[in-house]
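**Student:** Below is a structure I'd like to ask you about.
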Amino acid sequence: MEAARQATRLLAAVTRPNRGISYWDYIRVEDLLSLQKGVHGDEAHVGNDEVLFITVHQVYELWFKLILRELEHVRAVIRQNPVPDQALSSAVRSLRRCVTIFEVAADHWRVVETLTTRDYLAFRDQLVGASGFQSAQIRQLEILLGLDDDQRLGCAGEASYKDVLRTAEGGTTPALERVERQIAGGPSFRHALYDWLARTPIDGSNDEASVRAYTEAFLASHEAQAHHLVESTGDALPHMDRSVLEKRYQRDIDHARGFLEARDLTHLPEDEQHRRRHSRAALVFIESHRELPRLTWPRELIDTTLILEQSMVVWRQRHARMVERVIGRRTGTGGSGGVDYLDATAQRYRIFDDLWAVRTLLLKSELTPSLARSDDYRFRIED
Ligand code: HEM
């Protein structure tokens with residue numbers, strides 16, 4: 001009886017009075033349906049093809065909004081120092097939601113493809129000057145994820161992605177303000193992720209000598225495996241010049257060492273090189289020992305981040321194929337080379353470079369170095 005009274009009191013404390021709300025008020029249906037008015041602000045004069053065109057863009061912008069919210073959460077989790085073990089699963093959940101949205105969104109291009117070239121040309125000319133290149137939210141997404149400005153491709157001549165968000169007179173716009181707020185809003189997810197990895201103890205230690213010892217043991221196994229592969233592959237490919245094969249495997253060995261010693265980053269300050277050596281070693285370590293309980297969620301987070309980037313690349317490629325089908329290879333309304341520009345972004349915009357690179361190095365589990373302090377990675381029950 002007392003338990004029932006307590007449950008009622010609890011319910012009263014957590015439940016706000018509900019005066020009832022309708023679906024149309026909650027979802028703002030009328031507002032939503034009044035947003036497809038076209039250039040002249042009168043839907044009666046907008047054809048079905050154009051309403052479809054506007055609607056799909058609006059749907060995408062809403063998806064981008066959700067993805068941005070989820071990624072802000074992921075970044076907040078990963079910026080904590082230390083990151084609580086129990087918070088990682090919620091970050092992974094957010095990332096998985098973003099992946100699903102991108103995958104579903106990549107399918108929306110099929111709806112756009114119901115437009116034929118002539119259908120689109122019927123209203124395209126009035127859009128010149130307006131382009132998806134001005135989508136502030138896609139730029140926010142890239143900034144939040146961590147795309148560097150020097151990786152960006154120019155769209156129309158010398159204009160930067162920020163220039164095209166200005167008015168014709170060079171003034172600011174809500175789109176530019178959004179982007180500026182995002183830039184001012186703190187370090188990127190990539191930066192936070194690499195920082196977190198750089199703090200990850202490797203075989204129980206953050207000490208540079210221990211990290212190096214782990215890295216050397218890993219590289220020794222990697223090299224032994226490459227030599228073994230030269231022998232076995234050489235026999236399996238009797239027509240192949242053995243010296244070519246040896247050079248290929250030697251390149252793999254050199255690449256693995258170069259990556260773990262951050263030889264490609266010598267232009268960065270020494271402390272940044274050190275941070276990246278540690279974060280790269282941590283990537284190898286987490287991937288190689290993912291069965292250890294406290295490494296399972298970190299590995300999920302890394303893997304889901306990579307899947308997210310993959311889904312974004314596929315989304316970009318799919319956009320390019322849709323564009324090629326609808327307008328061929330003509331110049332875009334934003335003034336870019338059209339399909340060539342879009343294909344180049346899909347090819348070049350890789351943010352989580354180290355997460356991809358580490359895939360080339362990993363070894364089968366029997367070859368991974370054994371650990372002295374694997375007990376450090378068992379679950380801890382904290383009070
Ligand atoms: C018939 C439909 C479409 C065509 C022909 C088309 C074409 C293009 C072209 C040619 C570009 C390169 C920039 C330019 O010169 O304009 C571009 C960029 C872009 N479009 Fe589309 N697009 C279409 C639909 C959409 C839709 C529905 C979205 C959803 C938001 C979208 C999002 C974007 C984005 C975000 C960019 C910038 C890409 C980047 O700079 O990385 N596009 N589009």
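The values are calculated or read from the model by the stated rules, or taken from the named source; none is laboratory data. What you see is a predicted model; the values in this text were computed from it and never measured. As a convention, Cβ positions derive from the backbone with ideal geometry for all residues, glycine included, and neighbour counts pool all protein chains shown. For the accessible areas, the whole protein counts, side chains as well, though only heavy atoms, and no ligand, DNA or RNA atoms are used. Shrake-Rupley method; radii C 1.70, N 1.55, O 1.52, S 1.80 Å.
**Student:** Note down the Stokes-Einstein diffusion coefficient of the chain in µm²/s, whole number, using a Kirkwood radius over alpha carbon pairs, 4 °C, and 1.567 mPa s.
**Tutor:** 53
**Student:** Quick check for me: using +1 on Lys/Arg Cβ and -1 on Asp/Glu Cβ, what's the dipole size of the stretch 47-377 about its Cα centre, in debye to the nearest 20?
**Tutor:** With only Lys, Arg, Asp and Glu charged at Cβ, the dipole is about 660 debye.
**Student:** With labels modelled as points extended 7 Å from the Cα through the Cβ direction, what inter-label distance (nm, one decimal) is found for SER34 paired with LEU229?
**Tutor:** In this crude spin-label approximation the distance works out to 6.3 nm.
**Student:** Per DSSP helix of 4 or more residues, -39500 (n - 2.57); summed, then divided by the residues of the chain. What does that give at 222 nm, rounded to the nearest 500?
**Tutor:** Using -39500 (n - 2.57) per qualifying helix, the result is -20500 deg cm²/dmol.
**Student:** Quote the accessible area belonging to HIS267 in square angstrom, nearest 10, computed with a 1.4 Å probe and with ligands, DNA and RNA left uncounted.
**Tutor:** 140
**Student:** Also: For the chain, find the longest principal axis of its Cα atoms and tell me its angle to the long axis of helix 189-198, 0 to 90°, nearest 10.
**Tutor:** Result, in degrees: 20.
**Student:** At a Förster radius of 30 Å, what calculated FRET efficiency corresponds to the Cβ-Cβ distance of MET240 and THR360, to the nearest 0.05?
**Tutor:** E between MET240 and THR360, to the nearest 0.05, is 0.90.
**Student:** Enumerate the amide H contacts of SER205 below 5 Å, restricted to partners 5 or more residues apart or on another chain; note that Pro and chain-start residues carry no placed amide H.
**Tutor:** The answer is none.
**Student:** Something else about it: So which aspartates and glutamates pass the test for LYS65, namely a Cα distance under 14 Å, with those fewer than 8 places away in the same chain ruled out?
**Tutor:** Straight-distance partners of LYS65: GLU142.
**Student:** Positive end of the dipole of the chain, charges at C-beta (+1 Lys, Arg; -1 Asp, Glu), about the Cα centre: which of LEU95, LEU145, ILE202 has its Cα farthest in that direction?
**Tutor:** The listed residue farthest towards the positive side: LEU95.
**Student:** Give me the aspartates and glutamates in straight-line cross-link reach of LYS37: C-alpha distance below 16 Å, same-chain residues under 8 apart excluded.
**Tutor:** ASP49, GLU50
**Student:** Further question on the same structure: Which listed residue (MET322, THR304, LEU292) has the Cα farthest towards the positive end of the charge dipole for the stretch 200-329, taking +1 on Lys and Arg C-beta and -1 on Asp and Glu C-beta about the Cα centre?
**Tutor:** MET322
**Student:** Right, another one. Quick one: 3J(HN,Hα) in Hz for the stretch 265-270, Karplus 6.51/-1.76/1.60 with θ = phi - 60°, rounded, Gly and Pro as x.
**Tutor:** Per-residue couplings from phi come out as 10, 5, 6, 8, x, 4 Hz.
**Student:** Still on this structure: Helix 339-348: angle to the longest alpha-carbon principal axis of the chain, degrees 0 to 90, nearest 10?
**Tutor:** Helix 339-348 sits at roughly 30 degrees to that axis.
**Student:** A further question on this structure: For every other residue with a beta carbon closer than 13 angstrom to the beta carbon of ALA130, add +1 if it is Lys or Arg and -1 if Asp or Glu, then tell me the sum.
**Tutor:** Once positives and negatives cancel, what remains is -1.
**Student:** With a cut-off of 8 Å between alpha carbons and a minimum separation of six or more residues, what is the relative contact order of the chain in percent?
**Tutor:** 22
**Student:** Another question about this same structure. Any idea what the relative contact order of the stretch 14-173 is, in percent, if you count C-alpha pairs under 8 Å spaced at least 6 apart?
**Tutor:** Relative contact order for the stretch 14-173 comes out at 21 percent.
**Student:** When the accessible area of the stretch 47-377 is computed with all protein chains present and a 1.4 Å probe, what percentage of it is carbon and sulfur?
**Tutor:** Carbon plus sulfur share of accessible area: 51 percent.
**Student:** To continue, here is another question. What whole-number distance in Å separates the alpha-carbon centres of the stretch 146-216 and the stretch 28-93?
**Tutor:** 21
**Student:** Give a residue-ordered list of calculated ³J(HN,Hα) values for the stretch 36-53 (Karplus: 6.51 cos²θ - 1.76 cosθ + 1.60, θ = phi - 60°; whole Hz; x for Gly, Pro).
**Tutor:** 10, 8, x, 4, 9, x, 9, 5, 4, 9, 10, x, 4, 4, 6, 4, 4, 4
**Student:** When a/c reaches 1.5 or more, the comparison of a/b and b/c decides; with that in mind, is the stretch 12-138 rounded, prolate or oblate per its Cα gyration tensor?
**Tutor:** It comes out oblate by the Cα gyration axes.
**Student:** Right, next: Per residue, how many Å² of accessible area does the chain show with a 1.4 Å probe?
**Tutor:** 57
**Student:** On to the next question. What does the charge dipole of the stretch 43-201 about its Cα centre add up to, to the nearest 20 debye, if the Cβ of each Lys and Arg holds +1 and the Cβ of each Asp and Glu holds -1?
**Tutor:** The dipole of the stretch 43-201 has a size of about 640 debye.
**Student:** With springs only between Cα atoms under 10 Å apart, run a GNM on the chain and tell me which of THR116, THR296, THR167 wobbles the most.
**Tutor:** Highest fluctuation among the options: THR167.
**Student:** A further question on this structure: Can you send over the solvent-accessible area of MET322, 1.4 Å probe, protein chains only, in Å² to the nearest 10?
**Tutor:** Its accessible surface works out to 10 Å², give or take rounding.
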